[in-house]
Amino acid sequence: ILNVEQSPQSLHVQEGDSTNFTCSFPSSNFYALHWYRWETAKSPEALFVMTLNGDEKKKGRISATLNTKEGYSYLYIKGSQPEDSATYLCAFRDDKIIFGKGTRLHILP
Amino acid sequence: NAGVTQTPKFQVLKTGQSMTLQCAQDMNHNSMYWYRQDPGMGLRLIYYSASEGTTDKGEVPNGYNVSRLNKREFSLRLESAAPSQTSVYFCASSVKGYQYFGPGTRLTVT
């Protein structure tokens, strides 16, 4: 059974601070790694699709890196804002897609 | 452009009843998916359809059937609902790896 682990489960960050969290996944049969942002009472929204070892993607203040050989990806948020409060999901894809349980990010004013 | 739509938004069923959850997308995507989301479990794939006319099982297919009616529509059927199927169901479609999710259907089985 494939396991996709996200840590930490929950995180409180002061507004203006930068933060990062981790997604760990199997290092074999890798096809792609997805990151999603999921606000309460809304649907998950795609942030990044990463396919190559060493990939770095950026969207505004959010960026992500990928290491397929060791099976991890980091998501970074620079200068956290209240609107960054959400659950961040990663999903590992080989012939199926397996989601992690998410990191719940709370930005403190 | 409505994106991915799901009906109904909420449903309460009695054990043993059947129902179909509807999903439609207007983005001309080939791939469509059904997930369930349970507390502490994350999103789990029930079934997916890589293209019109094809369907495949995901991680948790038992108790469900699907139909890819045409390119736009992908329905999920519960033939005999059980309390263990109480969940929030999300439909998604994808292109170039990016998945676009519908608003979800909250289903309670009593």
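The values are calculated or read from the model by the stated rules, or taken from the named source; none is laboratory data. Just so it is clear, the structure is predicted and the values come from calculations on it, not from any experiment. Virtual Cβ from ideal backbone geometry, glycine too; neighbours counted across all protein chains shown. Just the protein is used for accessible areas: all its heavy atoms, side chains included, with ligands, DNA and RNA removed. Shrake-Rupley method; radii C 1.70, N 1.55, O 1.52, S 1.80 Å.
Selection of the range B:86-102 for residues being modelled with pLDDT of 95 or more and touching a Phe, Trp or Tyr at 6+ places or on another chain (Cβ under 8 Å) yields B:Y89, B:F90, B:C91, B:A92, B:S93, B:F101, B:G102. When B:S93, B:S51, B:S67 are checked against the criterion of being among the small types (G, A, S), more than 10 Å from every other protein chain (Cβ to nearest Cβ), outside any loop (DSSP other than H, G, I, E, B) and free of Cβ contacts under 8 Å to residues at least 24 places away in the same chain, a single residue qualifies: B:S67.
Would a scan of the range B:51-74 turn up a residue that is over 21 Å from B:K14 (Cβ atoms), among the hydroxyl-bearing types (S, T, Y) and loosely packed, with under 13 Cβ neighbours inside 10 Å? Yes, the range B:51-74 has at least one match. Test B:T20 against the criterion of being over 13 Å from the mean Cα position of the chain (by Cα) and surrounded by fewer than 20 Cβ atoms within 10 Å (Cβ to Cβ), and give yes or no. Judged against the criteria, B:T20 is not a match. Being over 12 Å from A:G16 (Cα atoms), outside any loop (DSSP other than H, G, I, E, B), open to solvent by 10 Å² or more (accessible area, probe 1.4 Å) and more than 14 Å from chain B (Cβ to nearest Cβ) is the filter here, so list the residues in the range A:75-109 that pass it. A:Y76, A:H106, listed by residue number. One residue is enough: does the range B:99-109 have a residue meeting the conditions without any contact (Cβ under 8 Å) to a residue 40 or more places away in the chain, surrounded by 16 or more Cβ atoms within 10 Å (Cβ to Cβ) and either in a loop (DSSP other than H, G, I, E, B) or within 14 Å of chain A (Cβ to nearest Cβ) (or both)? No, there is no match, as no residue in the range B:99-109 is without any contact (Cβ under 8 Å) to a residue 40 or more places away in the chain, surrounded by 16 or more Cβ atoms within 10 Å (Cβ to Cβ) and either in a loop (DSSP other than H, G, I, E, B) or within 14 Å of chain A (Cβ to nearest Cβ) (or both).
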